[in-house]
Amino acid sequence: MSIQIAPSILSADFCNLERDLKAIANADLVHVDVMDHHFVPNLTLGEPIVKRICEVTDLPVDVHLMIEDPDRWAPEYAKLGAASVSFHMGATHAPVRLARQLREMGCKACFAVRPAEPVEPIFDILDEFDMILIMTVEPGFGGQKFLDNQMGKVRRLRDEITRRGLDVKIQVDGGVSPKTAHIVAEAGADVLVAGSAVYGAEDPAAAIDAIRDEAAAAFKA
């Protein structure tokens, strides 16, 4: 099992987005945060921009929906070309139905869990998902401090996935950097989202390599 790095364009320069997408060509995914100013207080981007991102990048596009009514909107992002779509516990009314719909469309289905939410309630439906996203900051804004108190949640999730022999990835989003990558990887996360640590670096590609190397050295499946 290999470590994947997904730079978040929330920290990119939106006026030079194509340039900043090319700067992360050595990444494994591009992470796109869609916020609606309702589920979270911030407002970012929507379908037209995600469509163009899917058209101009060679990387799989990983869409993180921080919006109300993902049951309605998640399939629309799959239609645009997203390789994976994450939606939040508490925002969806029918998570299994939505996950199955996304998978039928050829899109990976991912469930997102906020810091105050337990992960255990989704254990019974883990096999319906391709990835579980554990937020290590409160969703809505980039550049927040890493919450290391979420690592117990990652460990419990990894233990359950391993116990049942499931092919489910664990993604961590929030405060990931070369300094924290080993912490999340040692806990069992294998997909790391990094925004400020990549786009705030002088050399984004080198930052991606540094995060990947630190995580790969510490990862325990």
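The values are calculated or read from the model by the stated rules, or taken from the named source; none is laboratory data. Predicted model only: the values in this text are computed from it and were never measured. So basically every Cβ, Gly included, is an ideal-geometry build from the backbone, and we count neighbours across all protein chains shown. Only protein heavy atoms, including side chains, enter the accessible area calculation; ligands, DNA and RNA are left aside. Shrake-Rupley method; radii C 1.70, N 1.55, O 1.52, S 1.80 Å.
One line per residue, one yes/no per condition, for (1) farther than 30 Å from His38 by Cβ; (2) among the aliphatic types (A, V, I, L, M):
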position	(1), (2)
Glu117	no, no
Pro121	no, no
Ile125	no, yes
Arg158	yes, no
Leu166	yes, yes
Ser196	no, no
Ala201	yes, yes
Asp209	yes, no
Ala215	yes, yes
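Please state which of the following conditions Met66 fails to meet, knowing it meets all the rest: (1) in contact (Cβ under 8 Å) with a residue 60 or more places away in the chain; (2) hydrophobic (A, V, I, L, M, F, W, C); (3) open to solvent by 50 Å² or more (accessible area, probe 1.4 Å).
Here Met66 meets the rest and fails (3).
Considering only residues that are touching a strand residue (DSSP E or B) at 6+ places or on another chain (Cβ under 6 Å) and not β-branched (Val, Ile, Thr), which ones fall in the range 83-106?
Residues satisfying the conditions are Ala83, Ser84, Ser86, Phe87, His88, Met89, Ala99, Leu102, Arg103.
Please go through the range 46-63 and pick out each residue that is open to solvent by less than 10 Å² (accessible area, probe 1.4 Å) and within 14 Å of the chain's Cα centre (by Cα).
Across the range 46-63, the qualifying residues are Val61, Asp62, Val63.
Mind checking which residues of the range 148-189 are part of a loop (DSSP other than H, G, I, E, B) and either among the aliphatic types (A, V, I, L, M) or crowded, with 21+ Cβ neighbours inside 10 Å (or both)?
Correct list: Leu166, Val168, Gly174, Gly175, Val176, Thr180, Gly188, Ala189.
Which residue pairs have Cβ atoms closer than 6 Å, lie 6 or more positions apart in sequence or on different chains, and pair a first residue in the range 1-16 that is in contact (Cβ under 8 Å) with a residue 60 or more places away in the chain and open to solvent by 20 Å² or more (accessible area, probe 1.4 Å) with a second residue that is part of a loop (DSSP other than H, G, I, E, B) and of a type in the set (Lys, Arg)?
none
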